[in-house]
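The values are calculated or read from the model by the stated rules, or taken from the named source; none is laboratory data. Given the structure is predicted, the values throughout are model-derived calculations rather than measurements. Cβ atoms come from the backbone with ideal geometry, glycine included; neighbour counts cover every protein chain shown. Just so you know, the surface numbers come from the protein's heavy atoms only, side chains and all, with ligands and any DNA or RNA stripped out. Shrake-Rupley method; radii C 1.70, N 1.55, O 1.52, S 1.80 Å.
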Amino acid sequence: MATVTVKNLKIAKEADRGNELCFVSFSYSVECDPTEQALSKQGLLKFEIKASLLGYDDWFDDHLSDMPSGTNHYQCGDGEINIGPVALPCSVLDEDVGEDEIYLKVTATSVGVPGGKEYAAEGSSNTITWKV
């Protein structure tokens, strides 16, 4: 079964003529098992990638923003994909009173597999404590 690894989540803040912009960057990769690798080599398996910036909360996590995935379809063997920096208004990251705990979740879902079998995996980055 595929696994998703999310690394290098970084958030930087820059003031631009009174408007605060934050820049988000990260990387991810999808590791495939031998069956998935074989299907991918035959052109039968590719993954749709969704990346979401989330704010950690005790009850349920807040969806802050969708992020670009850097590819329309990820195939086994594509290696690490680097994203960013992506500009966002810093107010998007302000999801809590005081400090915000922000992380990125990347989900990979198969498309185009014969027989309709679904392959799916997700991974999350480390949490960044952030004060807007």
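Please verify whether G70 is touching a helix residue (DSSP H, G or I) at 6+ places or on another chain (Cβ under 8 Å) and over 17 Å from I128 (Cβ atoms), treating the condition exactly as stated.
The answer is no for G70.
Looking only at the range 92-106, which residues are at pLDDT 85 or above and over 18 Å from N8 (Cα atoms)?
Residue satisfying the conditions is V92 alone.
Go through the range 1-98 and tell me which strands (runs of 3 or more DSSP E), entirely inside it, have 1 or more residues that are open to solvent by 30 Å² or more (accessible area, probe 1.4 Å) and among the aromatic types (F, W, Y).
The strands (runs of 3 or more DSSP E) meeting that bar are 19-31.
Scan the range 122-131 and tell me whether some residue there is open to solvent by less than 60 Å² (accessible area, probe 1.4 Å), within 20 Å of the chain's Cα centre (by Cα) and among the aromatic types (F, W, Y).
The answer is yes, given that some residue of the range 122-131 is open to solvent by less than 60 Å² (accessible area, probe 1.4 Å), within 20 Å of the chain's Cα centre (by Cα) and among the aromatic types (F, W, Y).
Scan the range 25-39 residue by residue and report those that are touching a Gly at 6+ places or on another chain (Cβ under 8 Å) and not hydroxyl-bearing (S, T, Y).
Selection gives F26, C32, Q37.
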